[in-house]
Amino acid sequence: VRSRRQRQMCIRDRREVLAVLELRISLEVESAGLAAQRRTPEQLASMRQALDALNEGAAHESDAVSSDFQFHLQIAHATGNRYFTDIMSHLGTSIIPRTRLNSARIAHDDHAHYMARLEREHEQIFEAIARQDSDAARAAMRLHLTNSRERLRQAHESAEVLSLIHISEPTRRRG
């Protein structure tokens with residue numbers, strides 16, 4: 001049985017992750033669009049390398065988080081705007097929800113299915129950037145980050161409901 005303080009810490013962490021995802025949506029959607037317009041073949045190859053490392057490292061969480069971040073960082077590099085890269089570098093791997101929360105468990109999903117979904121979302125982003133389709137790149141990045149935000153938002157709401165139920169149980173027993 002977890003204490004009320006432990007539950008609140010978990011909820012606060014989810015709130016922080018949701019706040020970071022809001023920032024990422026505003027930043028990375030445009031980053032993907034600019035990367036599609038401006039990327040070089042070398043930058044595209046770096047994105048592919050990070051994505052391949054992510055897909056291969058999916059079984060090892062720490063490798064997957066680092067590769068996931070590298071993929072998003074390579075997109076920022078491809079914008080040709082150092083401020084995108086600076087912001088992403090400053091935030092570091094903490095922008096990846098899995099560094100703070102068990103995202104697969106929160107999404108009520110097994111790890112393999114969760115990682116397969118992430119792989120598809122990342123591949124859609126990469127393919128749009130490779131085609132130099134800035135609108136599709138923006139849409140794919142928005143979908144990817146919005147999906148993450150919605151899974152975590154739903155988990156956050158469920159945790160709050162469970163917390164309220166747990167808190168109100170002793171009151172019902174007394175009555």
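Can you find a residue that is modelled with pLDDT of 95 or more, within 30 Å of Glu157 (Cβ to Cβ), surrounded by 15 or more Cβ atoms within 10 Å (Cβ to Cβ) and acidic (Asp, Glu) anywhere in region 26-46? Yes; the residues of region 26-46 include at least one that is modelled with pLDDT of 95 or more, within 30 Å of Glu157 (Cβ to Cβ), surrounded by 15 or more Cβ atoms within 10 Å (Cβ to Cβ) and acidic (Asp, Glu). Can you find, within region 65-84, the residue that is surrounded by the fewest Cβ atoms within 10 Å (Cβ to Cβ) among those that are touching an Asp or Glu at 6+ places or on another chain (Cβ under 9 Å) and part of a helix (DSSP H, G or I)? Top of the filtered list is Phe84.
Residues in region 105-116 include none that are surrounded by 13 or more Cβ atoms within 10 Å (Cβ to Cβ), modelled with pLDDT of 85 or more, assigned to a helix (DSSP H, G or I) and of a type in the set (Val, Ile, Thr). Check region 92-104 and report whether any residue there is farther than 30 Å from Glu157 by Cα and either part of a helix (DSSP H, G or I) or at pLDDT 90 or above (or both). Taking every residue of region 92-104 in turn, none turns out to be farther than 30 Å from Glu157 by Cα and either part of a helix (DSSP H, G or I) or at pLDDT 90 or above (or both). The one condition from (1) at pLDDT 95 or above; (2) part of a helix (DSSP H, G or I) that Glu22 does not meet is (1).
Scanning region 52-81 for residues that are of a type in the set (A, V, I, L, M, F, W, C), modelled with pLDDT of 95 or more and under 19 Å from the mean Cα position of the chain (by Cα) yields Phe71, Leu73, Ile75, Ala76.
The values are calculated or read from the model by the stated rules, or taken from the named source; none is laboratory data. The shown structure was predicted, so the numbers you read here are calculated from the model rather than taken from an experiment. Neighbour counts run over all protein chains shown; Cβ positions are idealised from the backbone, glycine included.
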